[in-house]
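In what follows, a structure is listed as structure tokens, so that the remarks can point back to it.
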Amino acid sequence: EPEVTQTPSHQVTQMGQEVILRCVPISNHLYFYWYRQILGQKVEFLVSFYNNEISEKSEIFDDQFSVERPDGSNFTLKIRSTKLEDSAMYFCASSLERLDAQYFGPGTRLTVL
Amino acid sequence: GIQVEQSPPDLILQEGANSTLRCNFSDSVNNLQWFHQNPWGQLINLFYIPSGTKQNGRLSATTVATERYSLLYISSSQTTDSGVYFCAVVGKYGNKLVFGAGTILRVKS
């Protein structure tokens, strides 16, 4: 069964550094998403992406965040200058159509020191 | 925005017992999904169920969209069922999933 993959599984970085989290969505899916989960809290939406542009973003997704689909398979989330409060599990998801089931990757655990 | 409430927040079961988890939402939904978060943090899709009833092995789910709730049934629970169960919905507008706070399930042997 096709699945969403994410790399790395765990990233440790110093405050103020840039990080890029990578995702390979399911190959025929058209809609892509990033969510995050701070330890012990609920999963929160960050951004959705369709047709090479952001279709929706949350208040969390400020100017420090950006997304890109650099080629036909990868989908990336960049955090320009990490803060301590960015420490969280970041999940990538994809869906075939806008209201179809969203399939989640295994997550990248980001630790900012 | 749409609100999602899950109950109970915590549940402890003896292996072999049955359970029902509930998800209430505050407005019409276009998508509803149930997930199991395992001890490694992975979100496993259980059901995509904006309405109706589905079954998958020992798990089944029912969504009554007109009354704004969904139920997840776990029968003959096993220790591997332990983890956090999340309900998530997409409201009338947009396509973002809004998650509930989850139900923490512990199954004891």
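The values are calculated or read from the model by the stated rules, or taken from the named source; none is laboratory data. Since this is a predicted model, take the numbers as computed values, not measurements. All Cβ positions, glycine included, derive from the backbone under ideal geometry; neighbour counts span all protein chains shown. Please note that ligands, DNA and RNA were not included when accessible areas were found on the heavy atoms of the full protein model with its side chains. Shrake-Rupley method; radii C 1.70, N 1.55, O 1.52, S 1.80 Å.
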Item checked: Accessible area (Å², 1.4 Å probe, nearest 10) - B:K54 -> 90 Å²
Next item on the list: Evaluate the Kirkwood expression for the hydrodynamic radius of the protein assembly as shown, namely the inverse of the mean inverse distance over all pairs of different C-alpha atoms, and round to one decimal in Å.
Entry: 17.9 Å
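Using the Cα centre as the reference, give the magnitude of the dipole from point charges on the C-beta atoms of region B:11-109 (Lys, Arg: +1; Asp, Glu: -1; all else neutral), rounded to the nearest 20 debye. Please list the in-between numbers first.
Values: 8 positive and 4 negative charges, 13 e Å.
Dipole magnitude for region B:11-109 comes out near 60 debye.
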Next item on the list: Go through region B:76-88 residue by residue and turn each phi into a ³J(HN,Hα) via Karplus (6.51, -1.76, 1.60, θ = phi - 60°); whole Hz please, and just put x for glycine and proline.
Entry: 6, 4, 10, 4, 6, 7, 4, x, 10, 10, 10, 9, 9
Next item on the list: May I have the convex hull volume per residue, in Å³, for the Cα set of region A:5-112?
Entry: 95 Å³
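Report for region A:5-112 the percent antiparallel among DSSP-assigned beta bridges with both residues inside it, nearest 5.
Details: 34 of 38 bridges.
Close to 90 percent.
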Next item on the list: With a 4.7 Å Cβ cut-off, tell me which Cys residues in the protein assembly as shown come up empty for a partner.
Entry: none
Margin query: Using 32 Å as the Cα-Cα cut-off, could you pick out the over-long pairs in A:K42/A:K78; A:K83/B:K96; A:K78/B:K54; A:K57/B:K108; B:K54/B:K108?
Written below: A:K78/B:K54; A:K57/B:K108
Check: For region B:80-100, which residues drop by 20 square angstrom or more in accessible area between the chain on its own and all protein chains together (1.4 Å probe)?
Finding: B:F86, B:G94, B:N95, B:K96, B:L97, B:F99
Checklist line | Among A:L21, A:L46, A:L84: highest mean-square fluctuation, GNM of chain A, C-alpha pairs under 10 Å | finding: A:L84
